[in-house]
1. Which numbered condition trips up residue 230, out of (1) more than 11 Å from the chain's Cα centre (by Cα); (2) within 16 Å of the ligand (Cβ to nearest atom)?
2. Name the residue that is farthest from the ligand (Cβ to nearest atom), counting only residues in the range 335-369 that are aliphatic (A, V, I, L, M) and in a loop (DSSP other than H, G, I, E, B).
3. Which number in (1) open to solvent by 40 Å² or more (accessible area, probe 1.4 Å); (2) more than 16 Å from the chain's Cα centre (by Cα) marks the one condition that residue 320 misses?
4. Among the residues of the range 118-132 satisfying the criterion of being free of Cβ contacts under 8 Å to residues at least 40 places away in the same chain and open to solvent by less than 80 Å² (accessible area, probe 1.4 Å), which is farthest from residue 89 (Cα to Cα)?
5. List every residue pair whose Cβ atoms sit under 7 Å apart, with the two residues 6 or more apart in sequence or on different chains, where the first one lies in the range 25-50 and is among the hydrophobic types (A, V, I, L, M, F, W, C) and the second, anywhere, is within 16 Å of the ligand (Cβ to nearest atom).
6. Are any residues in the range 275-317 at pLDDT 90 or above, within 8 Å of the ligand (Cβ to nearest atom) and open to solvent by 40 Å² or more (accessible area, probe 1.4 Å), and if so, which ones?
7. Could you figure out which of (1) open to solvent by 40 Å² or more (accessible area, probe 1.4 Å); (2) under 20 Å from residue 66 (Cα atoms); (3) in a helix (DSSP H, G or I) isn't true of residue 331?
Amino acid sequence: MADSNKTATLSFGDKTLELPILSPTAGPDVIDISKLYGQGGVFTHDPGFTSTSACESTITYIDGDKGELLHRGYPIDQLAAKSHYLEVCFLLLYGHLPTAAELEKFETTITHHTMLHEQMVNFFRGFRRDAPPMAIMVGVVGAMSAFYHDSTDISDPRQREIASHRLIAKMPTIAAWAFKYSVGQPFVYPRNDLDYASNFLRMCFAVPAEEYQVDPILARAMDRIFTLHADHEQNASTSTVRLASSSGANPFACIAAGIACLWGPSHGGANQACLEMLREIGTVDRIPEFIARAKDKNDPFRLMGFGHRVYKNFDPRATVMKQSADEVLDLLGVEDNPTLQVAKELEAAALADPYFAEKKLFPNVDFYSGIILEAMGFPTSMFTPIFALSRTVGWVSQWKEQLADPALKIGRPRQLYTGATLRDYVDVEDR
Ligand code: CMC
């Protein structure tokens, strides 16, 4: 972080404060208000953190107006075209693109951590047979703290490293087993001769009675979905992980908290909600009705897969995802998929509508990822678990970065209290 030597002057009442302005390497300047309460006796108020930087980070940068997403400086479209998920994981975790030797070592490490402690099978079996995979993931990832005690001492950098590797390596096994359990099929164990994406597909779709042949185009599309969701700076779930971790909680508990936050339909749950919405629309002729509902202030309905807190131009991940959707649908011969027809027409209708243009609402990554996942054979209940799997490396990288920061303090927001002021307790017979 560069001190800019600039200050902002804040005057209120009889006070005038000079607040330092910090200059980032990219993005808007930041006014440092950390001493505001001590010096001025006031708080700032920013529900939803729309104007608040909560941490210093070197991992991911988004320029929402330009539609730009950079991981450690590298644009997401270049990473999606030229790199692959595990290389991007290395980049996010360690800050540089790996040499061939570093990459090989990292891939070997991740591959050899993919198995789960066999007793964890009992956790899966404890869930109701129709439990949503997302519910299983929150529970099982939190339960990892009961199995991997040798990587929960957050003061030890080596243990932090091992926890990071375990989480990235085991998450596909956990997500695949959550799926298998929810459809009543036996668990398929990981195979070390397969790459990360192929291994996940096989653990989801192989059965003991029949081996699953991984199509390289589908494996590439799966890898791209992982890559495009790998990190997204200080979004709600990442901020949740950071807040949980700021108290010193163990890594598995922190990542379980991130998964819980991701679950909601305004965040990671949007891909599932989007496909359900496309199915509900059903046919192209019903699109105007749903667009009208999205625009109606008295109707809570929103077009799922549209809009973003930060992207006010286009979501660069959606552009790549759209290409992948075309490739996958070509391969699987489902060009006539009615859901895709509705998606394409809805996109065109919304983009041509002044309401969406004025509010800068563009299709986001979830608009297309759901279509690809459905074409691959995943039920909608697996969409958000796959997002969680992909985002694990982002959470883990941000968690590691925060713990290495000597300025780390427990996160503790303040509030604008509007409740009752001091009053005396009234005995029940007198109320
Ligand atoms: N459909 C219709 N109107 C919308 C939509 C939408 N999808 N999104 C925002 N608006 C309107 C909203 O009604 C508001 O109008 P007004 O100013 O008249 O009150 C205006 O646009 C601004 O909306 P906001 O809720 O203040 O914007 P936000 O930045 O707080 O919300 C969002 C961002 C993503 C939660 C929101 O756009 C939304 O709910 N989208 C649908 C859910 C979705 O696709 N989420 C996935 C996000 S990308 C994946 C991820 O990062 O998790």
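1. Single failed check for residue 230: (1).
2. So the residue we want is 352.
3. In the conditions (1) open to solvent by 40 Å² or more (accessible area, probe 1.4 Å); (2) more than 16 Å from the chain's Cα centre (by Cα), residue 320 misses (1) alone.
4. Out of the qualifying residues, it is 126.
5. 26/61
6. Result: 295, 297, 302, 304.
7. Residue 331 satisfies every listed condition except (2).
Results for (1) modelled with pLDDT under 95; (2) under 28 Å from residue 27 (Cβ atoms); (3) exposed (fewer than 14 other Cβ atoms within 10 Å of the Cβ), shown as yes or no for each residue.
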| position | (1), (2), (3) |
| --- | --- |
| 64 | yes, yes, no |
| 71 | no, yes, no |
| 87 | no, yes, no |
| 99 | no, no, yes |
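The values are calculated or read from the model by the stated rules, or taken from the named source; none is laboratory data. Only a predicted model underlies this, so the values are computations on that prediction, with no experimental measurement involved. Ideal geometry is used to build each Cβ from the backbone, glycine not excepted, and the neighbour counts take in all protein chains shown. With ligands, DNA and RNA removed, areas are computed over all heavy atoms of the protein, side chains included. Shrake-Rupley method; radii C 1.70, N 1.55, O 1.52, S 1.80 Å.
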